[in-house]
Amino acid sequence: MIISRFLCATALFLMTFQVVWAYEPLEHYKKLLESVEKPEQAIELLNNASDSMSTWEQLEQGEYFVILGSRLEALSRIDDAYQSYSKAIEILTPLPVSEFLIEAHSSRSYIQYLKTFDTSVYCPEREVALEYARKLQDDEILAKALTSLAFCYQTKKNFSKGIFLLEEAIEIAQKKSLSANRHAMIYNATAILYRVNWLLEPAYEYNRKAYNLWASVDDRQDMFNMLHSMTVLAISMGKEELAEKHVEELFELADTSPEFKDFHFFANYDAGSVALLSKKFERAIHYFERALALANTTNEKIFTIRAHAFLAEAFFRNKEMERAYQSARKYLQSNPNEKSEKQLILKTQAIVLAERNNSAEELEKLFLLLEMEKESKRNASSKLIASRSVEHDDRIIKFEKQLLEKQLAINQLELERQKDRQRISRLTIATIGLVVIVLSTIIIFLFRSRMLFKQRSQTDVLTGIANRSYIFEKGKKLISHAVNNQKDFSVILFDIDKFKSINDTHGHYIGDEAIIATANQAKHWLRNKDMVGRIGGEEYLILLPGTGHEEAFEIAERLRQGIAEKNFEFGMVNINYTISLGVASLSDKNNKLPRLVKLADEALYRAKSDGRNCTKVAN
């Protein structure tokens with residue numbers, strides 16, 4: 001008995017010793033990571049950790065490499081941080097998907113962004129992070145990955161894809177009541193997509209929304225970033241007073257937040273940009289020189305490079321030629337990106353050529369620059385008109401009428417002048433003809449733009465049928481007409497049964513295909529006078545003017561049976577699914593669209609409760 005107890009105690013001691021021995025290194029480098037002054041010792045311990053570690057230990061080791069990367073990044077050791085994140089990915093990829101693996105890919109993508117500013121380099125990392133985030137099924141992490149990837153879709157061709165990702169992110173954030181910080185990040189990403197497409201006013205509004213959310217939680221880093229973005233937008237829109245107000249706020253935040261070393265750099269940088277816009281060149285020189293004196297406080301080297309170009313322009317405009325030449329040469333020697341910095345490169349090249357008295361080449365550079373600025377203004381103007389046509393349709397219509405009146409006046413003038421052709425020179429005729437062509441082009445462009453944006457504002461992006469706002473707007477008009485003319489009117493509300501299982505089993509792509517196919521089936525079974533719209537994820541509303549409840553029930557049943565009996569083929573995937581429907585009809589008491597939709601929704605709920613794949617009529 002004594003021997004047995006001794007053996008058990010010995011075994012317990014050995015097991016305890018083994019566990020302590022196994023975890024001791026992990027605890028050791030965990031403590032080292034708490035001190036940013038010893039990253040090399042932490043790296044050595046992490047690299048020398050046993051290859052025979054358990055899955056749990058490997059997961060913790062990968063987590064510590066992610067933490068180490070963030071510490072190195074804070075120390076501006078960008079290359080070392082990149083290596084640390086890469087090591088974390090190497091360790092964590094064979095293991096089950098974890099938040100640390102997603103964070104490692106996202107963080108490494110940010111390092112690549114700082115080093116290259118090339119979407120083809122850093123965006124594939126974000127696509128991988130989103131793929132892992134969907135597998136992990138963590139709403140906060142998924143919303144973050146969607147927002148991060150949206151930054152990669154900023155051109156005209158893929159702009160809508162970026163907006164689609166952000167819509168998914170904001171839907172998750174709202175449904176799951178995610179933090180103010182997450183909502184703010186989505187607003188900021190939306191603002192950036194709008195800004196690069198020169199939709200400046202809505203971009204400013206989204207930045208302002210993000211700023212207010214971050215201010216509510218006193219997140220000073222992101223508050224500062226939003227103020228910087230709003231300053232840039234105010235400058236781009238030519239709103240000097242607004243830009244100067246934001247610069248004052250930047251300095252105030254920098255003075256009260258000494259822990260953020262680069263705040264004063266950006267405050268001075270933005271102050272110099274505003275002064276340059278206002279043609280206060282001595283003031284611009286003062287602020288840009290102060291910013292460059294603080295260049296070592298920021299990792300955003302592209303701004304320190306640009307500061308030399310703006311400083312060269314300020315010197316040049318202030319007639320300080322020698323200093324302008326020196327700053328221009330410093331900028332060009334920093335190897336600026338030829339794609340994103342083309343205008344600044346041309347400006348500084350022109351300044352350098354002026355020093356060499358190379359008039360012909362200098363003029364060539366200036367002409368190129370002028371053409372670029374004209375093209376930029378034309379693009380900005382057309383995009384601004386396009387954005388306003390969505391928000392202010394009535395203004396566009398008035399503007400078109402004014403242009404048409406001018407066109408008629410010009411045509412009348414032309415007819416009058418034809419009576420005395422001998423007194424009109426060929427140059428005058430050519431000029432008038434050119435004006436007519438330009439105005440006609442503008443009128444056609446504005447008319448087509450208004451029609452295009454009107455159609456887009458009424459259409460659901462995924463299915464091509466009416467969107468929620470338009471189906472409700474149309475429904476209110478139709479029901480009002482039915483009431484006034486004592487006509488029948490019914491609505492059908494339906495959705496896809498067990499839609500979540502389709503997404504979970506086959507993925508969101510097949511789920512989207514099912515939503516599109518259901519919309520097409522609905523259009524197939526409806527009459528010309530009927531109308532269908534998508535009002536939610538997989539939920540649809542049908543308007544049936546001139547239709548009583550019995551006929552509406554028959555239409556609903558035809559649609560239900562048509563979908564239930566159909567085998568849907570989406571690529572290599574074949575699926576069957578059903579729908580449930582609720583029907584409500586116009587009566588003396590129920591003569592408003594919201595009331596009918598509510599009754600139909602209650603009927604739909606009863607259809608779900610009775611086993612799905614059926615139609616119920618509201619009482």
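The values are calculated or read from the model by the stated rules, or taken from the named source; none is laboratory data. If you're wondering where the values come from, they're calculated on a predicted model, not measured in any experiment. Neighbour counts run over all protein chains shown; Cβ positions are idealised from the backbone, glycine included.
Conditions (1) in contact (Cβ under 8 Å) with a residue 12 or more places away in the chain; (2) surrounded by 21 or more Cβ atoms within 10 Å (Cβ to Cβ); (3) in the same structural domain as F494 (by TED's automatic domain parsing); (4) under 21 Å from H506 (Cβ atoms), marked per residue:
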{"site": "Q561", "(1), (2), (3), (4)": "no, no, yes, no"}
{"site": "S580", "(1), (2), (3), (4)": "yes, yes, yes, yes"}
{"site": "K589", "(1), (2), (3), (4)": "no, no, yes, no"}
{"site": "L596", "(1), (2), (3), (4)": "yes, yes, yes, no"}
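Mind checking which residues of segment 331-347 are modelled with pLDDT of 75 or more, assigned to a loop (DSSP other than H, G, I, E, B) and among the hydroxyl-bearing types (S, T, Y)?
Across segment 331-347, the qualifying residue is only S334.
Evaluate the following for E550: is it of a type in the set (D, E) and within 29 Å of N484 (Cα to Cα)?
yes
Just give me the residues in segment 87-128 being modelled with pLDDT under 85 and either surrounded by 21 or more Cβ atoms within 10 Å (Cβ to Cβ) or more than 20 Å from the chain's Cα centre (by Cα) (or both), in sequence order.
K115, T116
Just to check your reading of the model, which residue among A556, A552, A522 is over 19 Å from K598 (Cβ atoms) and hydrophobic (A, V, I, L, M, F, W, C)?
The unique qualifying residue is A522.
Identify all residues within segment 129-145 that are crowded, with 20+ Cβ neighbours inside 10 Å and either without any contact (Cβ under 8 Å) to a residue 40 or more places away in the chain or over 19 Å from S177 (Cα atoms) (or both); write none if there are none.
Once the filter is applied, which keeps residues that are crowded, with 20+ Cβ neighbours inside 10 Å and either without any contact (Cβ under 8 Å) to a residue 40 or more places away in the chain or over 19 Å from S177 (Cα atoms) (or both), segment 129-145 yields A129, L130, Y132, A133, L142.
Of (1) closer than 25 Å to G536 by Cβ; (2) of a type outside the set (S, T, N, Q); (3) in a helix (DSSP H, G or I); (4) touching a residue at least 12 places away in the same chain (Cβ under 8 Å), K161 satisfies all except one. Which?
(4)
Just to be sure, is A519 touching a Ser or Thr at 6+ places or on another chain (Cβ under 7 Å) and surrounded by 15 or more Cβ atoms within 10 Å (Cβ to Cβ)?
Yes: the conditions hold for A519.
Within segment 290-329, count every residue that is small (G, A, S) and without any contact (Cβ under 8 Å) to a residue 12 or more places away in the chain.
Final tally of qualifying residues: 1.
Any idea which of L250, L276 is of a type outside the set (S, T, N, Q), touching a Ser or Thr at 6+ places or on another chain (Cβ under 9 Å) and assigned to a helix (DSSP H, G or I)?
On the way: L276 fails: touching a Ser or Thr at 6+ places or on another chain (Cβ under 9 Å).
Unique residue meeting the criteria: L250.
Just give me the residues in segment 497-527 being within 29 Å of the chain's Cα centre (by Cα) and not in a helix (DSSP H, G or I), in sequence order.
Passing the criteria: only G507.
How many of the residues making up segment 456-488 are of a type in the set (G, A, S), crowded, with 18+ Cβ neighbours inside 10 Å and over 10 Å from R534 (Cβ atoms)?
Here the count works out to 2.
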